[in-house]
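J.: Sending over a structure as structure tokens; questions will come in a sec.
The numbers here are math on the coordinates, done by the rules we state, and not lab data. Fair warning: this is a prediction, and the values are worked out from it, not measured in the lab. Every residue, glycine among them, receives a Cβ derived from its backbone with ideal geometry; neighbour counts consider all protein chains shown.
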Amino acid sequence: MRLALQTIYRQGPTSRAEIARETRLAKATVSDLVGLLLDQGLVVELGTGVSAGGKPPTLVSLAPRSRSIVALDMSAVPFTGAIADLQGEIEDRAEGSGQPMGEEAVEEVGRLAERLVGQATSDVIGVGVATPGLVDPGGTVRSAAHLDWDEVPLARLLRARIGVPVHVANDSHVAALAEYSHEFPEGESLVLVRVGEGVGAGIVLDGRLYRGPGSGAGEIGHVVVDEDGLPCWCGRNGCLETVVAIGALLANASAVLGRPASVDDLALPAAEGIVSAAGHSLGAALAHVVATLDVRHVALAGPVRAAGEPFRAAVAETIKERVLPTMSAHVDVRWAALDADLVLAGASAMVLAAELGVVWR
Ligand SMILES: [Zn+2]
């Protein structure tokens, strides 16, 4: 049934015969499967399509509003959440409050999830939670320093509280998945880097999210780039975060402007040198990733977008200068197409893939 649903999802309105061709299933089997999907309300019959000779076929299509997905973004302050339909369209939103940590953060995300599940106008197939930190495949947050979490079995706790399936993953990982699904052809590779309070990346290799054995793939924020650099909260000096994260950019911009700088100030001509230098540092770190994995697409996201073209250009130039010329010719560094809702989109895509077996496209 997942195969039939996948085909309908990918093709848009389509006929039973077309599904049979795509899936190589027998026509009678496809008719039965589509019948089950119709019974469940996941698909609807639309009208008739163009005949290839003989009786015109009845088209079936996904019913996007037949189910809901609840998505939560714990990388935002305060936490944000949304109810999305099966095509990722956001129908409703909610926000938490403050910047909770520890037990209180668990309570807060539980409250938010409960509220959104209650507000959904159709059955909720699952809750997707994107959180900072290292998350194991079972949904336990192994560590998340910004939340003061160690070994928090978040998926299990939320499931017990809300009673619907819960999926938890790293925020940058799901963001990469969302951008890939939305923007890139199947089988492509992509590194998506989010620069905000921290710096984190998600890596999609040959069409699959690469998590790594410790679920820490893409944790480039604490690679030391300047041994004599500023102290980092992780205990080291000169981590990439201390050079590139928004806090570092604002501190440097404040010094140049002679007043406290805001994120919007990063677009001022006076801040261009700071922004370019940070882009250069990020590009130097990413050159290793691009060369090691032969990834051609780099997408940048997060509040650093306010720094604009000088930042993107510095990242792109530095990568291109530092990898083999034959590779640099193919490197494409762009801003993520999905921006504000990138993490929420990823959290809902994760639920869709896990619960219905369909890749959001
Ligand atoms: Zn660090």
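J.: Looking at segment 218-247, which of its residues are surrounded by fewer than 21 Cβ atoms within 10 Å (Cβ to Cβ) and among the aliphatic types (A, V, I, L, M)?
T.: VAL223, VAL224, VAL225, LEU230 - these are the residues of segment 218-247 that are surrounded by fewer than 21 Cβ atoms within 10 Å (Cβ to Cβ) and among the aliphatic types (A, V, I, L, M).
J.: Right, something else. When you scan segment 205-227, do you find a residue that is under 16 Å from the mean Cα position of the chain (by Cα), more than 10 Å from the ligand (Cβ to nearest atom) and farther than 25 Å from ALA316 by Cα, even just one?
T.: yes
J.: Shifting gears a bit: What tally of residues in segment 305-351 results from selecting those that are buried (at least 19 other Cβ atoms within 10 Å of the Cβ) and under 13 Å from the mean Cα position of the chain (by Cα)?
T.: The total comes to 13.
J.: Just a yes or no: is a residue in segment 135-150 over 20 Å from the mean Cα position of the chain (by Cα), surrounded by fewer than 24 Cβ atoms within 10 Å (Cβ to Cβ) and over 27 Å from VAL304 (Cα atoms)?
T.: Looking for residues that are over 20 Å from the mean Cα position of the chain (by Cα), surrounded by fewer than 24 Cβ atoms within 10 Å (Cβ to Cβ) and over 27 Å from VAL304 (Cα atoms), one finds at least one in segment 135-150, hence yes.
J.: Moving on to the next point. Test VAL298 against the stated conditions and say whether it is closer than 19 Å to LEU192 by Cβ, in contact with a strand residue (DSSP E or B) (Cβ under 9 Å, 6 or more places away or on another chain) and within 16 Å of the ligand (Cβ to nearest atom).
T.: No; evaluated as a whole, the condition is false for this residue.
J.: Still on this structure, please answer the following. Given (1) buried (at least 24 other Cβ atoms within 10 Å of the Cβ); (2) in contact with a His (Cβ under 9 Å, 6 or more places away or on another chain), identify the lone condition not met by MET101.
T.: MET101 satisfies all of (1) buried (at least 24 other Cβ atoms within 10 Å of the Cβ); (2) in contact with a His (Cβ under 9 Å, 6 or more places away or on another chain) except (1).
J.: Continuing with the same structure: GLY128 fails exactly one of the following numbered conditions: (1) in contact with a helix residue (DSSP H, G or I) (Cβ under 7 Å, 6 or more places away or on another chain); (2) more than 22 Å from ALA336 (Cβ to Cβ). What is the number of that condition?
T.: (2)
J.: What about ILE125, is it touching a residue at least 24 places away in the same chain (Cβ under 8 Å) and over 15 Å from the mean Cα position of the chain (by Cα)?
T.: Criteria met by ILE125.
J.: Sticking with this structure for a sec: If you check VAL275 against the conditions, is it in contact (Cβ under 8 Å) with a residue 40 or more places away in the chain, closer than 19 Å to PRO303 by Cβ and away from the ligand (no atom under 11 Å from the Cβ)?
T.: No.
J.: Would you confirm whether any residue within segment 35-57 is surrounded by fewer than 16 Cβ atoms within 10 Å (Cβ to Cβ) and touching a residue at least 60 places away in the same chain (Cβ under 8 Å)?
T.: No, segment 35-57 contains no residue that is surrounded by fewer than 16 Cβ atoms within 10 Å (Cβ to Cβ) and touching a residue at least 60 places away in the same chain (Cβ under 8 Å).
J.: Which one is surrounded by the fewest Cβ atoms within 10 Å (Cβ to Cβ), of the residues in segment 6-20 that are over 12 Å from SER31 (Cα atoms) and either in contact with a helix residue (DSSP H, G or I) (Cβ under 9 Å, 6 or more places away or on another chain) or among the aliphatic types (A, V, I, L, M) (or both)?
T.: Out of the qualifying residues, it is ARG10.
J.: Mind listing whichever residues of segment 168-189 are surrounded by 24 or more Cβ atoms within 10 Å (Cβ to Cβ) and either within 16 Å of the ligand (Cβ to nearest atom) or not aromatic (Phe, Trp, Tyr) (or both)?
T.: VAL168, ALA169, ASN170, ASP171, SER172, HIS173, VAL174, ALA175, ALA176, LEU177, ALA178, GLU179, listed by residue number.
J.: Let me ask something additional. All but one of (1) in contact with a helix residue (DSSP H, G or I) (Cβ under 9 Å, 6 or more places away or on another chain); (2) small (Gly, Ala, Ser); (3) under 27 Å from VAL168 (Cβ atoms) hold for ALA26, so report the exception by its number.
T.: Looking at each condition in turn, ALA26 falls short on (3).
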